[in-house]
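These notes are about the structure you will find just below.
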Amino acid sequence: MKPLNEITIAEARKLLDEGVVTSKELTKACLTQIQSLDGALHAFLEVYADDALAAADQSDQRRADGNVLSKLDGIPLAIKDNMLLQGKACTAGSKILQGHIAAYNSTAVRKLIEAGAVILGRTNMDEFAMGSSTEHSAYGPTKHPRDPERVPGGSSGGSAVAVAANMCLGALGSDTGGSIRQPASMCGIFGLKPTYGRVSRYGLMAMASSLDQIGPMTKCTEDAAIILETIQGQDPSDQTTSNEAAFKPDWKTSLKGLKIGLPKQAWQAGGIESRVLENTKAALAELEKAGAQMVEIDLPYADEALAVYYILMPCEVSANLARFDGMRYGLRKQGMPLFETYAQSRAEGFGDEVMRRILLGTFALSSGYIDAYYVCAKKVQALIRQAYAKAFQEVDLVVTPTCPATAFRMGEKLNDPLAMYLEDVFTVSVNVAGVPAISMPCQEDGGMPVGLQLIGKWFDEATVLSTARVLESELSKQ
Ligand code: GLN
């Protein structure tokens with residue numbers, strides 16, 4: 001049998017049900033792995049060892065009493081440092097929130113707790129989820145588990161590494177422009193961004209509210225489904241959650257009858273690293289072998305999506321981050337006039353990337369420029385949505401590589417914001433359109449992991465996940 005920290009949620013659940021393992025054993029195995037690896041990798045900002053062991057004991061007691069709460073009862077998970085867990089520090093990777101204690105639970109985390117999951121700790125992230133490498137954390141970078149000279153991707157790099165290095169059985173990340181999928185791709189795990197409105201954002205520190213979604217980061221497709229089933233649903237505390245029918249897995253064994261669109265804008269884009277192209281194309285062949293029909297499609301405005309994202313997102317960032325004024329939360333500079341307190345607290349509390357985006361957003365929203373930037377970007381966003389709607393009249397899924405390249409070296413893009421933004425070229429249109437997408441690992445050639453992105457219709461996570469699972473099982477046979 002594999003070490004307990006290396007198994008999947010689905011496997012753990014079976015062993016728990018059979019009485020072969022306890023939640024305490026699973027939790028201990030993860031804590032031991034954290035202890036031995038996290039000094040070097042820095043996936044966690046805080047580990048709740050005592051709370052986790054106590055929660056595991058309670059879960060084992062429930063199981064002994066025949067009161068198992070859910071599929072996640074007793075399963076050790078990690079959460080990203082931008083989701084509130086009542087009574088615990090939550091900093092969104094920022095110095096401005098150092099020492100900030102959450103006053104209430106975010107809905108997604110509350111649902112995990114109510115399901116009996118064991119929360120191991122909070123994971124590192126780019127400050128306020130702005131970045132693609134986790135180098136923008138105010139608390140130091142997270143390292144790639146296979147090569148500490150490389151980045152794990154971001155902004156949910158801590159969660160991705162915690163899962164990939166078997167420090168937990170699964171984790172939550174958040175995705176505004178690719179922050180679940182891109183680090184999942186770079187670390188060789190599964191990362192699902194649900195449809196906008198599927199999962200409540202209540203208690204998630206807002207980056208760009210119209211694009212943010214919380215989602216699972218896991219070792220297999222089935223685990224992603226288990227977590228999504230738990231955290232989904234309409235929430236009176238988040239008016240953007242939808243009353244659409246709940247996600248229910250609909251597993252298939254063959255892909256017969258499924259039509260998959262390959263946007264020529266992505267596959268013929270150039271600029272895709274050859275290893276990524278080779279590996280993702282090999283995965284496409286497997287999809288075809290499993291019965292799917294592959295068709296080349298036109299997805300207009302795919303190229304414009306990055307520009308649209310890098311206008312809309314900073315505009316919302318500039319509004320959302322106005323609340324960090326040195327008065328209400330976290331860091332406060334004192335002994336100076338009020339305006340100076342605002343300015344100095346923000347100047348000291350925010351990192352360079354956050355300030356860059358606040359400035360860009362404030363500029364793009366300012367009178368005289370709002371029509372040229374924000375309003376124009378909103379119009380192109382509508383065209384991008386239409387392009388997806390049209391594509392989905394023809395196909396059931398759209399497939400692209402997740403990232404143009406594998407994990408890059410630490411420091412390589414840190415001083416070149418544009419190069420860092422280009423990392424997101426295949427992921428941002430998904431958020432701009434609000435559709436669901438998963439990144440899943442393809443074949444590997446002994447080097448860095450490569451991810452394939454499967455994009456579905458609005459609220460059709462079932463097809464995204466069932467297709468991913470068929471491909472996962474085909475690839476595992478090799
Ligand atoms: N890398 C993207 C950015 O820096 C995406 C971030 C995210 O999804 N939170 O904006």
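Among VAL68, VAL308, VAL380, the order of accessible area from largest down is VAL68, VAL380, VAL308, computed with a 1.4 Å probe on protein heavy atoms. Taking 19 Å as the cut-off, the amide N atoms of the range 432-465 that come nearer than this to a point 7 Å along the Cα-to-beta-carbon line of ALA245 belong to 436, 456-465.
Accessible area per residue was computed with a 1.4 Å probe on protein heavy atoms; SER209 scores about 30 Å².
Where in the range 236-274 does the label zone of VAL295 land, with the point 7 angstrom along Cα→C-beta and an amide N cut-off under 13 Å? So the set is 257-263.
Computed from label points 7 Å out along Cα-Cβ, the spacing between ARG332 and ALA54 is 2.9 nm. With all protein chains kept in place, the per residue accessible area of the range 420-478 amounts to 26 square angstrom at a probe of 1.4 angstrom. Which of the lysines could a cross-linker span from LYS256 if the Cα-Cα distance has to be under 27 Å and same-chain partners fewer than 8 positions apart are dropped? Straight-distance partners of LYS256: LYS193, LYS219, LYS248, LYS264, LYS281, LYS289, LYS390, LYS457, LYS477. Per residue, the range 89-165 exposes 24 Å² of accessible surface when a 1.4 Å probe is rolled over the protein heavy atoms with every protein chain present.
On full extension, the segment bounded by GLU6 and GLN393 gains 135.3 nm, given 0.36 nm per residue less the C-alpha separation. The calculated FRET efficiency for the pair ALA419 and ILE113, based on their C-beta separation and a Förster distance of 35 Å, comes to about 0.30. In the full protein context, the range 304-401 carries 50 Å² of accessible surface per residue, based on a 1.4 Å probe and ignoring ligands, DNA and RNA.
Element breakdown for the chain at a 1.4 angstrom probe: carbon and sulfur atoms account for 51% of the accessible area. In this view, the solvent-accessible surface of ASP57, computed with a 1.4 Å probe and all protein chains in place, comes to about 70 Å².
Modelled this way, with points 7 Å down the Cα-to-C-beta line, the labels at ALA269 and GLN98 are 3.7 nm from one another. Estimated from helices alone, the mean residue ellipticity of the chain at 222 nm is -12000 deg cm²/dmol (sum of -39500 (n - 2.57) over DSSP H runs with n ≥ 4, per residue). The simple Förster model, with R0 at 60 Å and r as the Cβ-Cβ distance, assigns LEU69 and GLU444 a FRET efficiency of 0.95. Here CYS403 sits with roughly 0 square angstrom of accessible surface, probe radius 1.4 Å.
Ordered by solvent-accessible area of protein heavy atoms (1.4 Å probe), largest first, the residues ARG201, ARG13, ARG357 come out as ARG13, ARG201, ARG357.
The values are calculated or read from the model by the stated rules, or taken from the named source; none is laboratory data. What you are looking at is a predicted structure, and each value in this text was computed from that prediction instead of being measured. So basically every Cβ, Gly included, is an ideal-geometry build from the backbone, and we count neighbours across all protein chains shown. Just the protein is used for accessible areas: all its heavy atoms, side chains included, with ligands, DNA and RNA removed. Shrake-Rupley method; radii C 1.70, N 1.55, O 1.52, S 1.80 Å.
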